[in-house]
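Derivation of every value follows stated rules applied to the coordinates shown; laboratory data play no part. Keep in mind it's a predicted model, so treat the numbers as computed, not measured. All Cβ positions, glycine included, derive from the backbone under ideal geometry; neighbour counts span all protein chains shown.
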């Protein structure tokens, strides 16, 4: 959905004619839309489920899958049902500066990919600092560890829960935005990444702020080696194998043994 929102707002703002400024303006709009969507989702769908703790897990999975399917259909409508989008490009090209590629250590890198990498690094560091150094970030981690203790020290669970969902879906939209900077937007684009995301979470662990980063880097290296040695068609099978193995051997992940 982040991909479709990026494409739509970017075109409405003037597209490539606005250059990097238009792209950044689109990013701000997409983040605001997804933050609002996260807050609405928590308040209207997740909060009622939490009133019945016995069915929280199953109901939560069903509700979030339902939301994903709805968003996929909305994305299809934006990209397919609106005639104007047939004549619009769903990809953009960035230059830094005025070059399509940059040479680093004798290797050529697409400027759009370097831009994506830079933005992701800044976002990752900012999120890490947020969870480690701010009251709100530490409150989120405390609630995930022990809700009863958090309530005992006076934390507002409802307010923090809304902010947590808003932040989570905001970053989902951010991921979609970055993903389509140099590739075609597709309503089903996120489905192919679901297994990868689950594997990253399980591999790195989610109890440590650095866990997903470690998991993502590890999976990226593993997939590259797999594609080089056995062929690209084995990547998905290897990802599933890692997911199942980690769940059986070390469910807390590589960094899950300690609260970060």
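Couple of notes before you dig in:
- 178, 160 arranged by Cβ crowding within 10 Å, fewest neighbours leading: 160, 178
- Potential extension, residue 114-residue 73 segment - 0.36 nm per residue separation minus Cα distance: 11.6 nm
- Legend: ranking of residues 201, 140 from fewest to most surrounding C-beta atoms inside 10 Å; resulting order 201, 140.
- By the beta-carbon count within 10 Å of each Cβ, the least crowded to most crowded order of 148, 42, fewest first, is 148, 42.
- Cβ-derived FRET efficiency at R0 30 Å, residue 197 paired with residue 62, nearest 0.05: 0.95
- FRET E, pair residue 24, residue 237, Förster distance 41 Å, beta-carbon r, rounded to 0.05: 0.60
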